[in-house]
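Asker: Dropping a structure here in structure tokens format, bear with me for questions.
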Amino acid sequence: MLTKAPRGTKDVLPSESYKWQYVENLMRGICEFYGYKEIRTPGFEHTELFLRGVGESTDIVRKEMYTFNDRSGRSITLKAEGTSPAVRAFIEHGLYAETQPTKLYYITPVYRYEKPQAGRLREHHQFGVEIFGAKSASADAEVISIAMTLLKKLGLNNLELRINSVGCPVCRKNYNRALKEFLGQHLDELCDDCKVRYEVNPMRVLDCKVESCKRVTKEAPLITDYLCDDCRNHFEELKKYLDALGYEYIVDPRIVRGLDYYTKTAFEIISKDIGAQGTVCGGGRYDGLIEEIGGPSMPGVGFGMGIERLLLTLEQNGIEIPKPEGPDLFIAYIGDEAKLFTFTFANKLRFNGLKVEIDHMERSLKAQMKYANKLNAKFAVVIGEEELESKKVKLKNMATGEETEILIDEIEKAIKN
Ligand code: ATP
Ligand code: MG
């Protein structure tokens with residue numbers, strides 16, 4: 001137990017962390033271009049927030065939350081998704097009183113008690129963006145375009161964008177009645193979970209991953225046939241904006257998403273290469289959520305993208321993330337006096353913006369040079385008594401083997417050129 005991480009968690013080792021840094025930097029960069037600002041919310045919240053914000057009928061609330069009482073008996077839940085904490089902070093700090101819309105993004109761990117498998121973990125990480133305060137379908141399309149831009153920049157051109165409208169409480173009332181009537185005739189074919197969903201929120205059944213349920217819902221009435229004028233117009237507008245951006249998409253009336261609070265737009269971006277856990281990105285509009293959590297009546301739209309699934313998809317597509325470069329300079333030393341000099345000199349060069357490595361293992365000169373090679377250093381110098389005396393070194397270009405004699409004081413300039 002002591003040397004084994006909990007089930008469903010993963011260490012990111014240095015041999016992998018550069019990939020995370022690469023995609024995270026790309027996410028931050030794209031958000032900057034679109035004008036989204038980072039929000040960081042706590043790793044845990046009052047349990048009520050998720051009960052309210054995610055919805056009692058969802059898998060997350062029903063069976064996936066990490067909930068416990070803290071030492072003073074408060075019910076606490078580890079961050080189970082990113083949207084409701086962002087909404088809570090938006091309300092708590094009065095951001096709704098500022099100029100709208102509010103455009104936010106986050107990169108955060110998320111905790112769900114699920115059966116661990118490829119692309120499904122108990123601690124996973126999400127990149128998410130949200131726009132609060134904008135009801136126009138252009139906001140939905142902008143959010144989608146952030147996800148699409150990221151995927152395109154990463155070289156993933158073969159993912160499927162699936163969109164739907166899940167309507168609003170008005171049109172959903174009629175739809176739910178029709179759906180319930182249909183499902184009622186197939187109750188015995190549904191899984192136990194779906195029998196409960198049938199009672200609490202029948203639309204959830206459409207999201208079930210059990211084969212027999214999928215078979216039943218193939219024939220189910222479609223929400224798109226029940227949309228009210230407002231929702232239908234919004235959906236048409238969304239398609240107009242997506243068409244304008246040249247995105248291909250599939251209208252999939254079966255997308256309801258895992259959270260209760262979605263209204264109008266729901267979408268997923270799916271990779272067919274990573275199997276059952278193929279949804280890389282999921283999001284939609286949640287016009288009732290801010291008010292539901294205790295804020296003013298304001299619309300919102302956003303998405304969450306699983307970073308582990310994104311990396312898995314890149315791997316499956318044979319897309320390699322550039323490996324970090326080696327140090328600019330390796331300084332080998334001979335003797336104690338030279339070591340002290342090297343140690344301080346390296347520090348100065350680093351301060352001035354060069355990546356510099358030295359040995360800490362008391363290696364022989366030959367072994368130090370071997371180590372420099374292994375680190376993939378671009379240049380190397382050796383400093384011993386003689387070099388300290390003459391203030392001159394031979395700067396070796398590790399790629400070509402070429403050596404140039406220069407003053408120690410000139411090293412920085414030489415490498416920067
Ligand atoms: P799924 O239907 O696959 O369970 P979800 O509807 O629960 O997904 P969201 O709550 O919308 O997913 O989360 C957004 C994204 O986060 C998902 O599209 C997926 O990429 C990722 N994700 C969700 N749960 C996990 C998990 N347990 N492990 C890894 N990634 C996950
Ligand atoms: Mg889920």
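Asker: If a residue must be open to solvent by less than 60 Å² (accessible area, probe 1.4 Å), free of Cβ contacts under 8 Å to residues at least 40 places away in the same chain and either under 27 Å from Thr77 (Cα atoms) or in contact with a Pro (Cβ under 6 Å, 6 or more places away or on another chain) (or both), how many such residues does segment 1-50 contain?
Answerer: Qualifying residue count for the region: 3.
Asker: Return yes or no: is Ile293 under 23 Å from Arg62 (Cβ atoms), of a type in the set (A, V, I, L, M), open to solvent by 10 Å² or more (accessible area, probe 1.4 Å) and in contact (Cβ under 8 Å) with a residue 60 or more places away in the chain?
Answerer: Answer is yes for this residue.
Asker: Could you please let me know if Asn352 is under 35 Å from the mean Cα position of the chain (by Cα) and over 25 Å from Ser17 (Cα atoms)?
Answerer: yes
Asker: Sticking with this structure for a sec: Kindly indicate whether any position in segment 97-112 is within 13 Å of ligand 1 (Cβ to nearest atom), under 17 Å from Ile293 (Cβ atoms), modelled with pLDDT under 95 and surrounded by 20 or more Cβ atoms within 10 Å (Cβ to Cβ).
Answerer: No: zero hits.
Asker: Is at least one residue of segment 165-187 among the basic types (Lys, Arg) and within 16 Å of ligand 1 (Cβ to nearest atom)?
Answerer: Checked segment 165-187: no residue is among the basic types (Lys, Arg) and within 16 Å of ligand 1 (Cβ to nearest atom).
Asker: Related question: Are there any pairs with C-beta distances below 7 angstrom linking a residue in segment 96-112 that is in a helix (DSSP H, G or I) to a residue that is among the aliphatic types (A, V, I, L, M), with the two at least 6 apart or on different chains, and if so which?
Answerer: Tyr96/Met298
Asker: Farther than 20 Å from His125 by Cβ, touching a strand residue (DSSP E or B) at 6+ places or on another chain (Cβ under 8 Å), hydroxyl-bearing (Ser, Thr, Tyr) and more than 16 Å from ligand 2 (Cβ to nearest atom): does that describe Thr47?
Answerer: Here the answer is yes, as Thr47 does meet what is asked.
Asker: Here is a further query. For segment 63-85, how many residues are closer than 20 Å to Gly284 by Cβ and either within 12 Å of ligand 2 (Cβ to nearest atom) or part of a loop (DSSP other than H, G, I, E, B) (or both)?
Answerer: The number of residues fulfilling the criteria is 5.
Asker: Has segment 209-216 got any residue that is of a type in the set (Asp, Glu), farther than 25 Å from Ile60 by Cβ and without any contact (Cβ under 8 Å) to a residue 24 or more places away in the chain?
Answerer: No, every residue in segment 209-216 fails to be of a type in the set (Asp, Glu), farther than 25 Å from Ile60 by Cβ and without any contact (Cβ under 8 Å) to a residue 24 or more places away in the chain.
Asker: Let me ask something else. Only residues that are part of a loop (DSSP other than H, G, I, E, B) and within 9 Å of ligand 1 (Cβ to nearest atom): list them for segment 116-144, please.
Answerer: Pro116, Gly119, Leu121, Arg122, listed by residue number.
Asker: Does segment 131-153 include one or more residues that are within 16 Å of ligand 2 (Cβ to nearest atom), open to solvent by 40 Å² or more (accessible area, probe 1.4 Å) and more than 24 Å from Glu292 (Cβ to Cβ)?
Answerer: The answer is no; no qualifying residue exists.
Asker: For segment 356-374, does any single residue satisfy the condition of being closer than 20 Å to Glu337 by Cβ, surrounded by fewer than 18 Cβ atoms within 10 Å (Cβ to Cβ) and within 38 Å of the chain's Cα centre (by Cα)?
Answerer: So far as segment 356-374 goes, yes, one or more of its residues are closer than 20 Å to Glu337 by Cβ, surrounded by fewer than 18 Cβ atoms within 10 Å (Cβ to Cβ) and within 38 Å of the chain's Cα centre (by Cα).
Asker: Continuing with this model, one more query. Checking the condition assigned to a loop (DSSP other than H, G, I, E, B), modelled with pLDDT of 95 or more and under 26 Å from Glu292 (Cα atoms), which residue from Leu238, Leu227, Leu259 passes?
Answerer: Exactly one of Leu238, Leu227, Leu259 is assigned to a loop (DSSP other than H, G, I, E, B), modelled with pLDDT of 95 or more and under 26 Å from Glu292 (Cα atoms), namely Leu227.
Asker: If you don't mind, another one. Consider Ala266 against the criteria (1) within 19 Å of Tyr106 (Cα to Cα); (2) of a type in the set (A, V, I, L, M); (3) within 14 Å of ligand 1 (Cβ to nearest atom): it satisfies all of them except one. Which criterion is unmet?
Answerer: (1)
Asker: Glu410 is checked against (1) open to solvent by 40 Å² or more (accessible area, probe 1.4 Å); (2) touching a residue at least 60 places away in the same chain (Cβ under 8 Å) and fails just one. What number does that condition carry?
Answerer: (2)
Asker: While we're here: Out of all the residues in segment 151-160, is one or more more than 15 Å from Tyr249 (Cβ to Cβ), touching a residue at least 12 places away in the same chain (Cβ under 8 Å) and in a helix (DSSP H, G or I)?
Answerer: Yes: one or more hits.
Asker: Can you name the number of the only condition in (1) in a loop (DSSP other than H, G, I, E, B); (2) of a type in the set (Asp, Glu); (3) surrounded by fewer than 20 Cβ atoms within 10 Å (Cβ to Cβ) that Asp287 fails?
Answerer: If we test Asp287 against (1) in a loop (DSSP other than H, G, I, E, B); (2) of a type in the set (Asp, Glu); (3) surrounded by fewer than 20 Cβ atoms within 10 Å (Cβ to Cβ), just (3) comes out false.
Asker: Could you tell me whether segment 165-176 includes any residue that is open to solvent by less than 10 Å² (accessible area, probe 1.4 Å) and without any contact (Cβ under 8 Å) to a residue 60 or more places away in the chain?
Answerer: Checked segment 165-176: at least one residue is open to solvent by less than 10 Å² (accessible area, probe 1.4 Å) and without any contact (Cβ under 8 Å) to a residue 60 or more places away in the chain.
Asker: Could I ask something else about it? Within segment 310-338, track down each residue that is surrounded by fewer than 17 Cβ atoms within 10 Å (Cβ to Cβ) and assigned to a helix (DSSP H, G or I).
Answerer: Glu315, Gln316, Asp336, Glu337
Asker: Do you know which residues across segment 189-248 are open to solvent by less than 30 Å² (accessible area, probe 1.4 Å) and under 20 Å from Gly300 (Cα atoms)?
Answerer: Leu227, Cys231, His234, Phe235, Leu238, Leu242
Asker: So, one more: Just checking, how many residues over segment 253-269 are open to solvent by 30 Å² or more (accessible area, probe 1.4 Å), within 15 Å of ligand 2 (Cβ to nearest atom) and not acidic (Asp, Glu)?
Answerer: 1
The values are calculated or read from the model by the stated rules, or taken from the named source; none is laboratory data. Just so it is clear, the model here is predicted, and its values are computed rather than measured. Reconstructed Cβ throughout: ideal geometry from the backbone, glycine too, with neighbour counts over all protein chains shown. Side chains included, ligands, DNA and RNA excluded: accessible areas come from the protein's heavy atoms. Shrake-Rupley method; radii C 1.70, N 1.55, O 1.52, S 1.80 Å.
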